[in-house]
1. Stretched out fully, how many nm does the piece from K119 to Y69 gain, at 0.36 nm a residue minus the Cα gap?
2. Suppose R0 equals 30 Å. What FRET efficiency, 1/(1 + (r/R0)^6) with r the Cβ-Cβ distance, do T160 and Y49 give to the nearest 0.05?
Amino acid sequence: MLNLTTRTQKLIQMGITLALGATLFLSGSAGAADTYPPEPPKEPPKEDYSYCTKFEQVYAYTEFSQDPYQQLDVVCSEGYRAISCEADLEGKDDYDYHKHYLSLSDLAPQAFKKSSDGKYEYATSDATYWGCHISANNNLLYFTPSYHVQYDYDFFWRITGYATCVPKECVNFYETSEYYRDYGKPIDY
């Protein structure tokens with residue numbers, strides 16, 4: 001007996017075979033997804049950093065002085081860390097000489113601890129306070145050599161320092177192990 005099948009019958013058989021194979025393949029993949037990984041990955045818990053929107057701004061200033069070198073520390077409240085340090089150099093009735101002859105020599109975050117007399121001092125490891133260290137130089141004395149017109153006016157100037165502070169848990173930081181004081185007078189080369 002001859003087995004005659006038409007082309008249409010072959011296409012139908014092939015379509016049924018492909019549909020059955022696809023069904024088995026997809027159901028096998030879905031079953032595999034249920035067993036591996038054992039549990040679907042959970043989203044990590046989100047930390048509540050809403051307190052990181054709090055900040056404080058503190059400032060301090062030196063008295064007007066004729067010194068060639070001045071320094072200033074601006075300290076944040078306990079539990080806060082400085083993320084921004086700024087300084088303003090100003091002269092007192094100086095005909096804008098402060099714009100030309102005063103220069104910052106240090107403007108950086110710094111770690112502090114409170115000493116027994118209530119003053120802040122630099123800390124290397126046991127810091128409980130953070131803030132900014134600012135220092136500046138008066139170069140007027142060094143840029144008026146004898147062959148120029150001598151500056152015969154009393155030049156008074158000061159530093160005003162600002163620190164923007166946030167809760168210390170909100171800041172990733174790297175600190176230097178020590179602070180090296182700048183020279184009070186320029187080095188002769």
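1. Numbers: separation 50, 0.36 × 50 = 18.00 nm, distance 2.08 nm.
Length gained between K119 and Y69: 15.9 nm.
2. On the way: r = 32 Å, r/R0 = 1.06.
Efficiency at R0 = 30 Å is approximately 0.40.
Every number here is computed from the coordinates shown, using simple stated rules; none is lab data. What you are looking at is a predicted structure, and each value in this text was computed from that prediction instead of being measured. Cβ: placed from backbone, ideal geometry, glycine included. Neighbour counts: every protein chain shown.
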